[in-house]
Amino acid sequence: MEEIVLKHPMIEHKISILRDEKTGTKEFRELINEIGMILCYEALKDAPLHEIDIKTPITETVGKQIDENDYAFVPILRAGMGMVDGVLRLMPNAKIGHIGLFRNEETLEPVEYYCKLPKNIENKTAIILDPMLATGGSGSAAIEMLKKRGVKKIKFLSVISAPVGLERIKKDHPDVELYTAYVDKELNENGYIVPGLGDAGDRIFGTK
Ligand code: PRP
Ligand code: URA
């Protein structure tokens, strides 16, 4: 399936602030969370609804609800943590799993260091969070880790993606739905997205 790219003036506006090297940690973190929430809103547009009886102050009626228990958010540590508050604003009762991966700076290959997932993850839709999809190595490895644990329905949310990363995920995992706020031009020789926004983890946590 083709990736879904958010096309909206507000996204362009917010991405431009994220790109600016002068943007500080607080604003950067707020914007990553906001875009995470918007991506999640888009990714939930096919969410199944069940009917519930409601008594309003005026009358009785039938409303519709999403079963939040059917979903788990799975941030890829560390930068994916920057999107968690945003998506929880939409689905505050969803469970959270954590996958720890970092890129080896020379080989750009992902290195796994942590995995803790909610009980019954195999029966939930897992929504992976990572602001940056560069080579796609980390994303593909995270999806593989979930599939090994029996997860069948996976969505992947990224703020900025490189075309090569999107192609990698589509090739390795054609069944995964990809939602990205913006597709950038290319990667540089160090595997950074160009023009990009730099190192998302460092900018979210203020480590450089
Ligand atoms: C960044 C980013 C992705 C990965 C993307 O994480 O958050 O997880 O790189 O690159 P890829 O698509 O080429 O694999 P990083 O390894 O810098 O770790 P961090 O989040 O702990 O800073
Ligand atoms: N990871 C980042 O944080 N930024 C990039 O541009 C590529 C990978």
- Answer yes if at least one residue in region 38-53 is of a type in the set (D, E, K, R), open to solvent by 60 Å² or more (accessible area, probe 1.4 Å) and not in a strand (DSSP E or B), and no otherwise. yes
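Might you check whether a residue that is open to solvent by 60 Å² or more (accessible area, probe 1.4 Å) and either touching a Cys at 6+ places or on another chain (Cβ under 9 Å) or assigned to a helix (DSSP H, G or I) (or both) occurs anywhere in region 21-28? Full working, then the answer.
The initial filter retains those residues of region 21-28 that are open to solvent by 60 Å² or more (accessible area, probe 1.4 Å), namely 21-22, 26-27.
Still in the running and either touching a Cys at 6+ places or on another chain (Cβ under 9 Å) or assigned to a helix (DSSP H, G or I) (or both): 26-27.
Yes, region 21-28 contains at least one residue that is open to solvent by 60 Å² or more (accessible area, probe 1.4 Å) and either touching a Cys at 6+ places or on another chain (Cβ under 9 Å) or assigned to a helix (DSSP H, G or I) (or both).
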- Spans of helices (runs of 4 or more DSSP H) in region 118-208 with at least 2 residues near ligand 2 (Cβ under 9 Å from one of its atoms), in contact with a strand residue (DSSP E or B) (Cβ under 8 Å, 6 or more places away or on another chain) and open to solvent by less than 20 Å² (accessible area, probe 1.4 Å): none
- Task: Please find, among N93, N69, the residue that is in contact with a helix residue (DSSP H, G or I) (Cβ under 6 Å, 6 or more places away or on another chain), over 20 Å from I204 (Cα atoms) and not in a strand (DSSP E or B).
- Result: N93
- Message: I need a count of the residues in region 67-94 that are open to solvent by 60 Å² or more (accessible area, probe 1.4 Å) and either of a type in the set (V, I, T) or in contact with a Gly (Cβ under 7 Å, 6 or more places away or on another chain) (or both).
- Response: 1
- Message: For region 54-66, give me each residue that is open to solvent by 50 Å² or more (accessible area, probe 1.4 Å) and in a strand (DSSP E or B).
- Response: I54, K55, E60, T61, V62, K64, Q65
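Can you pull out the residues in region 24-48 that are of a type in the set (D, E) and touching a residue at least 60 places away in the same chain (Cβ under 8 Å)? Quick ask: steps written out before the conclusion?
Applying the first criterion (of a type in the set (D, E)) to region 24-48 yields 27, 30, 34, 42, 46.
Hit for region 24-48 is E42, nothing else.
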- Residue in region 49-89 that is farthest from V111 (Cα to Cα), counting only those that are touching a residue at least 12 places away in the same chain (Cβ under 8 Å) and of a type in the set (D, E, K, R): E51
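The values are calculated or read from the model by the stated rules, or taken from the named source; none is laboratory data. Being a predicted model, the structure only gives us computed values, none of them experimental. FYI the Cβ positions are ideal-geometry reconstructions off the backbone, even for glycines, and counts take in every protein chain you see. These accessible areas exclude ligands, DNA and RNA; they are computed on the full protein's heavy atoms, side chains included. Shrake-Rupley method; radii C 1.70, N 1.55, O 1.52, S 1.80 Å.
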